[in-house]
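Asker: Take this structure first; my questions come after.
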Amino acid sequence: MYVFQQDYIFNSPSAAAATILGRSTNGWTKWKDKEGKTLDELKRK
């Protein structure tokens with residue numbers, strides 16, 4: 001588990017996911033809620 005010591009605002013979900021994973025990735029499909037729905041499903045569709 002990663003814990004940021006202070007708040008940090010990312011420019012996009014992908015930038016946040018890439019920071020955590022250490023590689024390029026699509027944050028809209030990587031971030032999921034407790035039910036397994038992606039950020040894309042929740043916000044863009």
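Asker: Given the DSSP H assignment, sum -39500 (n - 2.57) over each helix run of at least 4 residues in the chain and divide by its residue total; what's the result at 222 nm in deg cm²/dmol, nearest 500?
Answerer: -7000 deg cm²/dmol
Asker: Once phi is turned into ³J(HN,Hα) by the Karplus curve 6.51 cos²θ - 1.76 cosθ + 1.60 with θ = phi - 60°, what whole-Hz value does each residue of the stretch 23-29 show in order, with x for glycine and proline?
Answerer: 7, 5, 6, 8, x, 5, 9
Asker: Of GLY36, VAL3, THR19, which is farthest along the charge dipole of the chain in the positive direction, counting Lys and Arg as +1 and Asp and Glu as -1 at C-beta?
Answerer: GLY36
Asker: Just how many % of Cα pairs in the chain lie over 16 Å apart, if you round to the nearest whole percent?
Answerer: Every Cα pair in the chain considered, those over 16 Å come to 43 percent.
Asker: Can you pull out the chymotrypsin sites (Phe, Trp or Tyr not before Pro) in the chain whose DSSP state is coil and whose Cβ has at most 15 other Cβ atoms within 10 Å?
Answerer: The qualifying sites are TYR2, PHE4, TYR8, PHE10.
Asker: Which aspartates and glutamates, if any, have their Cα less than 19 Å from the Cα of LYS30, not counting same-chain residues under 8 positions apart?
Answerer: ASP40, GLU41
Asker: Then there's this: Within the stretch 1-29, name every residue whose backbone N is under 16 Å away from a label modeled 7 Å from Cα of LYS43 along the Cβ vector.
Answerer: Flagged as within label range: 8-20, 25-29.
Asker: OK, next. Nothing charged except the Cβ atoms of Lys and Arg (+1) and of Asp and Glu (-1): what's the magnitude of the dipole of the chain about its Cα centre? Round to the nearest 20 debye.
Answerer: Result for the chain is approximately 160 debye, rounded to the nearest 20.
Asker: What distance in nm lies between label points placed 7 Å from Cα along the C-beta direction at GLN5 and LYS32?
Answerer: Going by the 7 Å Cα→Cβ label model, 3.2 nm.
No lab work stands behind these numbers, since they all come straight from the coordinates. Not measured: the values here are computed from a predicted model. A quick note on method: Cβ atoms are made from the backbone with ideal geometry, for glycine too, and the neighbour counts reach across all protein chains shown.
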